[in-house]
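What follows is a short report on a single structure.
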Amino acid sequence: MEAATLQSRMTQPAFAVPGAMDALMALGKAIDGTELPAATRELVHIRASQINGCGVCAVQHPRIARRRGETNERIWAISGWRDAPYFDPAERAALALAEAVTRLADRSEAVPDDVWDEAARHFDEAQLAALVLTIASVNLWNRLNVATRQVAGVEW
């Protein structure tokens, strides 16, 4: 399918419901104001978006990461982070938590204790809260975009 033939099903829902975009932006701003590293936030945004098949976020978040100084090697390796040498232990813990929270229905214990405990080992409570919120937030965006077939690279 050519890019010119792609069309979303509807307006981005966050714009269609009065106040929704403001609320989502306020949540993002609150998360951005925490001590959770920006690089970690973008890594989990990209990984969740890859899992969810969200083209909008899979295009947008690598661009944001690059603007914030992220390397291409790390961005390209996110989908295979377990086998790539580019991520430190805290980032690996965040990526594992992002996968578990994104794939809640894939196992009987949605977020296994070992995944949670490893993340809690690297992040204090406030950072861990911000990490869970950022994972939930990107999953919300992914679901809005995928459900309505928002087109990657198109400005809203």
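Given Cβ point charges of +1 (Lys, Arg) and -1 (Asp, Glu) and nothing else, what value in debye, to the nearest 20, does the dipole of the stretch 7-47 about its Cα centre take?
The calculation lands at about 200 debye.
Considering only A100, P13, T40, whose Cα is most displaced toward the positive end of the charge dipole of the stretch 1-111, charges sitting on Cβ of Lys, Arg (+1) and Asp, Glu (-1)?
So the residue furthest toward the plus end is P13.
Placing unit charges on C-beta atoms (Lys and Arg positive, Asp and Glu negative, everything else neutral), compute the dipole magnitude of the chain about its Cα centre in debye, rounded to 20.
For the chain, the charge dipole is close to 640 debye.
Treating the beta-carbon of each Lys and Arg as +1 and of each Asp and Glu as -1, no other charges, what is the dipole magnitude of the stretch 61-141 about its Cα centre, to the nearest 20 debye?
Dipole size: approximately 560 debye.
Could you work out how much longer the chain between L24 and W76 gets when fully extended? Use 0.36 nm per residue separation minus the Cα distance between them, nm to one decimal.
Gain on extension, L24 to W76, equals 16.0 nm.
Run the helix sum for the chain: -39,500 (n - 2.57) per DSSP H stretch of 4+ residues, divided by residue count, reported at 222 nm to the nearest 500 deg cm²/dmol.
Roughly -19500 deg cm²/dmol at 222 nm, from the helical runs in the chain.
From the P(r) of the chain, can you give the percent of Cα pairs sitting at distances over 25 Å?
30 percent
If you line up the long axis of helix 113-122 against the longest principal axis of the chain, both from Cα atoms, how many degrees apart are they, to the nearest 10?
Helix 113-122 sits at roughly 80 degrees to that axis.
What does the accessible area per residue of the stretch 1-93 come to in Å², with a 1.4 Å probe and no ligands, DNA or RNA counted?
Per-residue value: 59 Å².
Considering the dipole of the stretch 21-67 built from charges on the beta carbon (Lys and Arg +1, Asp and Glu -1) around the Cα centre, which of S49, A23, P62 is farthest to its positive end?
P62
Can you give me the distance in nm between label points at V146 and A126, each placed 7 Å from the Cα along the Cα-to-Cβ direction?
Those two pseudo-labels are separated by 3.3 nm.
Within the accessible area of the chain, what % is carbon and sulfur when the probe is 1.4 Å and the other protein chains stay in place?
Reported share for carbon and sulfur atoms: 54 percent.
Starting from the Cα-Cα distance between R103 and D83, subtract it from 0.36 nm times their residue separation and give me the gain in nm to one decimal.
5.2 nm
The values are calculated or read from the model by the stated rules, or taken from the named source; none is laboratory data. Model, not experiment: these values are computed from the prediction. As a convention, Cβ positions derive from the backbone with ideal geometry for all residues, glycine included, and neighbour counts pool all protein chains shown. Heavy atoms of the whole protein, side chains included, go into the accessibility calculation; ligands, DNA and RNA do not. Shrake-Rupley method; radii C 1.70, N 1.55, O 1.52, S 1.80 Å.
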